[in-house]
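Right, one structure below, let's go through it.
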Amino acid sequence: MMKLDLNESIDDKLRKTRARACFDCHEYCIIDVNNYKAIQLLQQFEKTHRGHRTQIVNLDDLKPKSPTDIIYTCISGVNKEE
Ligand SMILES: [Zn+2]
């Protein structure tokens, strides 16, 4: 029961979380304007992927829905605990 509740809250958070994704490298960075570390990582992400096809998307949209979907790698790792 507890585990189920936790999963639901993470899913709910994922739906509301936005990320900057690079379609060339298949990486993404969480956008969290209240998190200093996340802002730094985002700035670094934009520098790294300058000239690439990047776009702001809902984090939920990056989750693979079928086995053939492209897996995006999170480079920030600050999304789950906070
Ligand atoms: Zn890139």
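Each value in this text was obtained by applying a stated rule to the coordinates, not by laboratory testing. Since the model is a prediction, treat every value here as computed from it, not as a measurement. Neighbour counts are summed over all protein chains in view; Cβ atoms, including those assigned to glycine, are modelled from backbone coordinates with ideal geometry.
Just a few scattered comments:
- Residues of the range 39-52 satisfying the condition of being surrounded by 11 or more Cβ atoms within 10 Å (Cβ to Cβ) and either in a loop (DSSP other than H, G, I, E, B) or within 11 Å of the ligand (Cβ to nearest atom) (or both): F45, E46, T48, H49, H52
- All positions within the range 57-72 that are outside any helix (DSSP H, G or I) and either surrounded by 10 or more Cβ atoms within 10 Å (Cβ to Cβ) or small (G, A, S) (or both): V57, N58, K63, P64, S66, D69, Y72
- Annotation: of all residues in the range 24-38 being in a loop (DSSP other than H, G, I, E, B), out of contact with any helix residue (DSSP H, G or I) (no Cβ under 7 Å at 6 or more places or on another chain) and in contact (Cβ under 8 Å) with a residue 24 or more places away in the chain, the one that is farthest from the ligand (Cβ to nearest atom) is N35.
- A search for C-beta distances below 9 Å between a residue of the range 58-76 that is within 16 Å of R20 (Cβ to Cβ) and any residue that is part of a helix (DSSP H, G or I) and among the hydroxyl-bearing types (S, T, Y), counting only pairs 6+ apart in sequence or on different chains, returns I75/T48.
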